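Undergrad: Dropping a structure here in structure tokens format, bear with me for questions.
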Amino acid sequence: MANRLLSNYGGTSRRDVLKVSAAVGGGMLISFTLPALSRAAAMGEAAGAATLNAYVKISPDNIVTITSKNPEIGQGIKTMLPMLIADELDVDWSQVRLDEALANSEIYGRQVAGGSMATPTEWTPMRRVGAAARQMLIGAAAQKWKVAVVECETGSGEVRHKASGRSETYGALASAAAKLSVPDLHSVKLKDPKDYKIIGHSVPGYDSPRIVKGEPMFGIDTVVPGMLYAVFQKCPVFGGKVANANLDTVGKLPGVRHAFVVEGGGDLTGLMSGVAIVAESWWRAEKARAKLEVKWDEGATAQQSSDGFAQQAAALGLKPPQMSLRNDGDVAGALGNAAKVVEAAYHYPFLAHAPLEPMNCTARVADGKAEIWAPTQNPEPGRSLVARTLGLDSGNITIHLTRVGGGFGRRLMNDYMVEAAWIAKKAGVPVKLVWTRQDDMQHDFYRPAGWHFLKGGLDAGGKLIAWQQHFVSFGHGGRFQSSANLDENIFPAGRVPNLSYGASLIPSGIPTGPLRAPGDNALAFVFQSFIDEMAHAAGKDPLQFQIELLGKDELLPGRGQGFRTGRARAVLEKAREVSGWGTRTLPARTGMGVAVYYSHLGYFAEVVEAAVGNAGEVKINHVWAVGDIGSHVINPTAAENMVQGGILDGFGEALNQKIIIRNGRVVQENFDGFSPLRLSQAAPIEVHFLATKYSPTGLGEPPLPPALPALTNAIFAATGKRIRTLPIDTALLKA
Amino acid sequence: MNYTLRINGRTHTVDVDADTPLLWVLRDEVDLKGTKFGCGIGICGACVVHLDGQPVRSCLTAVSAVGGKAVTTIEGIGATPIGARLQQAWVEVDVVQCGYCQAGQIMSAAALLAKNKSPSDDDIIGAMDGNLCRCGTYARITQAIKQAAKTDLGAATSKKGA
């Protein structure tokens, strides 16, 4: 299944269709569709038949308006996708204007910010859109001048005929070009990469000049005439229901227009039970909530806690895994014969996403129609959810995509969207629902906690010959909860002759979901730490040990396009070079750690230099990151920013973050209990890219996973203390 | 209750409860959406505005406590030379990822540069550590502040020269 989907990477299928029509007010409108990977496919689930589409409008004044179709969550996609079209179209970036798309999968195909998937799926189709348009503009000029197409050139949004010295702007040619037949997308000639003028050159974020002036662009900034403001109180215990509430009291409080119970259903990803308070201002709604008294039917999840899960995990860890994920060679035999065996248990906690813009949504529902303004990463499942829950025809739901104040995977879910729509319908007026930070932190889809019980065996020469891993995770009936799985191909699978990955599952009522680099944000810590442990046990340099383990360049089975060991090796070699690995003399309690990881089609090696103070405090002095995301880094300024941000996000998880469940509810309420990395914890990060022959891939996720083990491996090098539990407990690191 | 506020040089009269945070007055009564809601307890910095030039957390500042003090928000800071330089540096350095925290970052940075024309890294941490950037654009925030500060020193030097 995966391979069939991957055949679409970097190419378009035979069902590609290019449509060109005259634009209103003159000019040319180009749209383009092809079947594309759906989000479900991207997440390794079943393939859905989706289409992809981009619009280019060229107006008579030679301004090129490109519709940016994907949600902008800070990953820079709004600027990046149009760069691909603009370069092949051969216009100057200063001629380009960008429009935000409505959510409409029939026109635009996949509109998802997730899985670092936009670059690999759009790299070729977007360039073809630009190139096809350019070819038609040349055709129009050649017809007009009665010259051969091959004699015409383009540049800066003009077609030029050298021999006669004639030139015309695209704007002047666009109407004629729109009447020409559409070129076959597969035979359309793409630029020689050496001629790129936009791709590979830094283009600052298109919206930044407006953002720094505080212009309203985010979901939370939405204003709809006549709207009221809502808060929604759900049961602190996941899945709990309202038994009764003092609605009479709350409904009479100043400014409150409506207070009602939402029954909700049993699906934790849908509309849950709670009390809605709708008021003239958000502050009055929130103030009224302070007077709200609800008796909850908390349900069975109230019995669950992080401590209880840990006890179950410890007990399961003593038994054989409930299910085998992979079994190569004879692990028990090899461990029995090994010259040295290392045993370790790793653990990481639940995490929240906590994007800085709290969940919010504005909705108007009337006459069987809904109009929604949503900061979502994933609008189409939101449309289905709203249609299903409110009994609307999905064709009668309009979704406006707003700028999103951080996604990190949280807004792949659309719970807040269905809440806003339901409340707006019931209130009979447009409603803006805004969650508090506490709502946000306590009603997330958490990165699942996990436990790993490992044994590794070395032969007399220090070679890794056995690896046994028992993963205790969440799920039931042999099925992992969302983002709680382990891919059986994760390295060192395929490079250790005797290797087993097994899993046991704990049932839970805690909602889980994808957090930036799902799975990998935790698994990289486990795998890359234990490889580091084995290197030290073998008395070998950890970087060299890993290079030898990767071995010769081969394509191993794995996620995405498979795992190319040579690419992992190359980023590691480059990291050795740029960091001065093994050549520098460091002060006491200062050390360097390394990790390499493949996720979301990208390869990253990272080296951290960290100092540990006598009180155990960790200071990250410097980071070197080397990435291989293929042949082109499309927008270098955004790419560097994304790598640095991804690594700091990883450090925040390693140093600061833990969500604790007690009595079926989340203990943490705000950034005091659960903090992203702060400026004082940040470190200088040097970013390098290796240009390789492979098609370009995304950057939202792959820089993050190796950051955590590179840091904890550096702490080991500095102190001799092995961090096996996250977040890092600095009390264990005291001198 | 009616409150008369001076915001970005203009006078606004609003009818709100005395305990309404300035944040919600700005966002929902005066329709200045640049100041952002992030935590509601004064620890993320997304809501920083200036009162008589001093940075405050507008989510914790009741409207009744503002009095006659001049309120400056992200929409108004560009009218000051420091604010304009910071906004320009923010764009040139390409600081922004999601952008949600950046109004608060710029307001904190403007208060810093008003006191300290040439801040060190430690000065910047001291002034800016209360502003969370969930995307982790800290290196560029620091770089943009230094660039804006340099532009200032450059302008001062050339003025002296002239």
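Undergrad: Say the dipole of segment B:78-157 comes from +1 at the beta carbon of Lys and Arg and -1 at that of Asp and Glu; which of B:130, B:95, B:107 then lies farthest toward its positive end?
TA: Most positive-ward Cα: B:107.
Undergrad: Using just the helices of chain A, give the 222 nm mean residue ellipticity in deg cm²/dmol: DSSP H runs with n ≥ 4 each add -39,500 (n - 2.57), and the total is spread over all residues, rounded to 500.
TA: -8500 deg cm²/dmol
Undergrad: Explain nothing, just the number: dipole magnitude of segment B:2-76 about its Cα centre with +1 on each Lys and Arg Cβ and -1 on each Asp and Glu Cβ, in debye rounded to the nearest 20.
TA: Rounded to the nearest 20 debye, it is 260 debye.
Undergrad: Same structure again: Report the charge-dipole magnitude of chain B in Debye, nearest 20, computed about the Cα centre from +1 at each Lys and Arg Cβ and -1 at each Asp and Glu Cβ.
TA: 560 debye
Undergrad: Also, quick follow-up: Please arrange B:44, A:152, B:39 by counting, for each residue, the other beta carbons lying within 10 Å of its beta carbon, fewest first.
TA: Fewest-to-most Cβ neighbours within 10 Å comes out as A:152, B:39, B:44.
Undergrad: Continuing with this model, one more query. Please arrange A:500, A:175 by counting, for each residue, the other beta carbons lying within 10 Å of its beta carbon, fewest first.
TA: Ascending number of Cβ neighbours within 10 Å: A:175, A:500.
Undergrad: Oh, and also: Quick one: check the C-alpha center-to-center distance for segment A:641-688 versus segment A:439-495, whole angstrom.
TA: If you average the Cα positions of each part, the centres end up 21 Å apart.
Undergrad: Could you tell me which of A:644, A:690, A:629 has its Cα farthest along the dipole of segment A:605-692 towards the positive end, charges placed at Cβ (Lys, Arg +1; Asp, Glu -1), taken about the Cα centre?
TA: A:644
Undergrad: Using only C-alpha atoms and all pairs of different ones, pull out the Kirkwood radius for segment B:68-126 in Å with one decimal.
TA: One decimal place: 12.1 Å for the Kirkwood radius.
Undergrad: Give the calculated FRET efficiency between residue A:153 and residue A:367 to the nearest 0.05, with a Förster radius of 41 Å applied to their Cβ-Cβ distance.
TA: Computed FRET efficiency for residue A:153 and residue A:367 comes out at 0.15.
Undergrad: May I pose another question? What is the list of residues in segment B:70-99 whose amide nitrogen lies under 18 Å from a point 7 angstrom out from the Cα of residue B:18, following Cα to Cβ?
TA: none
Undergrad: How many angstrom lie between the C-alpha centres of segment A:53-126 and segment A:548-587?
TA: Segment A:53-126 and segment A:548-587 have Cα centres spaced 34 Å from each other.
Undergrad: OK, next. Please give every one of the lysines within straight-line cross-link reach of residue A:432, meaning a C-alpha to C-alpha distance under 28 Å, and leave out same-chain neighbours fewer than 8 residues apart.
TA: The reachable lysines, counting only those whose Cα sits under 28 Å from residue A:432, are A:69, A:78, A:213, A:234, A:241, A:252, A:287, A:291, A:295, A:369, B:33, B:36.
Undergrad: Are there GluC sites (Glu not before Pro) in segment A:238-328 that DSSP puts in a loop and that have at most 12 other Cβ atoms within 10 Å, and which ones?
TA: Here the GluC sites (Glu not before Pro) that fit, given the DSSP loop and packing criteria, are A:263, A:293.
Undergrad: Any idea which of B:74, B:64, B:12 is furthest toward the positive side of the dipole for segment B:2-76, if Lys and Arg beta-carbons carry +1 and Asp and Glu beta-carbons -1?
TA: Going by the charge dipole, the pick is B:74.
Undergrad: Continuing with the same structure: Based only on Cα atoms, what mean projected area does the convex hull of segment B:2-76 have, in nm²?
TA: Quarter of the Cα hull surface area: 4.1 nm².
Undergrad: How well do other chains shield peptide B:39-45, expressed as the mean number of their Cβ atoms within 10 Å of each residue Cβ?
TA: That works out to 6 on average.
Undergrad: A further question follows. Once you charge only the Cβ atoms, +1 for Lys and Arg and -1 for Asp and Glu, what is the size of the charge dipole of chain A about its Cα centre, to the nearest 20 debye?
TA: The calculation lands at about 460 debye.
Undergrad: Another one. For Cα pairs less than 8 Å apart in space and 6+ apart in sequence, what is the mean separation divided by the residue count of chain A, i.e. the relative contact order in percent?
TA: In percent, rounded to a whole number, it is 13.
Undergrad: Could you please report the charge total around residue A:225, scoring K, R as +1 and D, E as -1 over all other residues with beta-carbon less than 13 angstrom from its beta-carbon?
TA: Residues close to residue A:225 contribute a combined charge of 0.
Undergrad: Using the 10 angstrom Cβ neighbour count as an exposure proxy, how do B:58, A:68, A:164 rank, fewest first?
TA: The most exposed by this proxy come first: A:164, A:68, B:58.
Undergrad: Taking the Cβ-Cβ separation of residue A:269 and residue A:186 as r and a Förster radius of 30 Å, what is the calculated FRET efficiency to the nearest 0.05?
TA: Calculated value: 0.15.
Undergrad: Of all the Cα-Cα pairs you can form in segment A:413-556, what percent are over 28 Å apart?
TA: 40 percent
Undergrad: I would also like to ask the following. Restrict the search to segment A:586-693; then list the trypsin sites (Lys or Arg not before Pro) that DSSP places in a loop and that have at most 11 other Cβ atoms within 10 Å of their Cβ.
TA: Here the sparse-neighbourhood loop sites are A:693.
Undergrad: Need the full-extension length gain, residue A:92 to residue A:341, defined as separation in residues times 0.36 nm minus the C-alpha distance. One decimal, nm.
TA: Taking 0.36 nm per residue and subtracting the Cα distance, the gain is 83.5 nm.
Undergrad: List, largest first, the extents of the alpha carbons of segment B:1-138 along their principal axes, each in whole Å.
TA: Here the spans come out as 44, 28, 23 Å, largest first.
Undergrad: Then there is this: I need the shape label for the protein assembly as shown. Rule: rounded when a/c is under 1.5, else prolate if a/b > b/c, else oblate, with a, b, c from the alpha carbon gyration tensor.
TA: Rounded.
Undergrad: Pull out the extension gain between residue A:307 and residue A:680, defined as 0.36 nm times the separation in residues minus the alpha carbon to alpha carbon distance; nm, one decimal.
TA: Computed gain between residue A:307 and residue A:680 is 131.1 nm.
Undergrad: Using a cut-off of 13 Å between beta-carbons, work out the net charge of the residues near residue A:609 (Lys and Arg +1, Asp and Glu -1, residue A:609 not included).
TA: Value of the local net charge: +1.
Undergrad: Evaluate E = 1/(1 + (r/R0)^6) for residue A:179 and residue A:106, where r is the Cβ-Cβ distance and R0 equals 22 Å; express this FRET efficiency to the nearest 0.05.
TA: E between residue A:179 and residue A:106, to the nearest 0.05, is 0.30.
Undergrad: Let me ask you something else. Summing +1 for each Lys or Arg and -1 for each Asp or Glu, what net charge is found among the other residues whose Cβ lies under 11 Å from the Cβ of residue A:688?
TA: -4
Undergrad: Next question. Please list, by residue number, everything in segment A:227-254 whose backbone N is under 17 Å from a paramagnetic label point 7 Å out along Cα→Cβ of residue B:64.
TA: A:254
Undergrad: Under 17 Å Cα to Cα from residue A:144, which aspartates and glutamates show up? Leave out anything in the same chain fewer than 8 places away.
TA: A:153, A:158, A:168
Undergrad: Which length gain, in nm to one decimal place, applies between residue A:672 and residue A:300 when the Cα-Cα distance is subtracted from 0.36 nm times their residue separation?
TA: So the extension gain works out to 131.0 nm.
No value in this document is a laboratory result; all are computed from the given coordinates. Here the structure is a predicted model, which is why all the values come from computation and not from measurement. Positions of Cβ are backbone-derived with ideal geometry, glycine not excepted, and every protein chain shown enters the neighbour counts.
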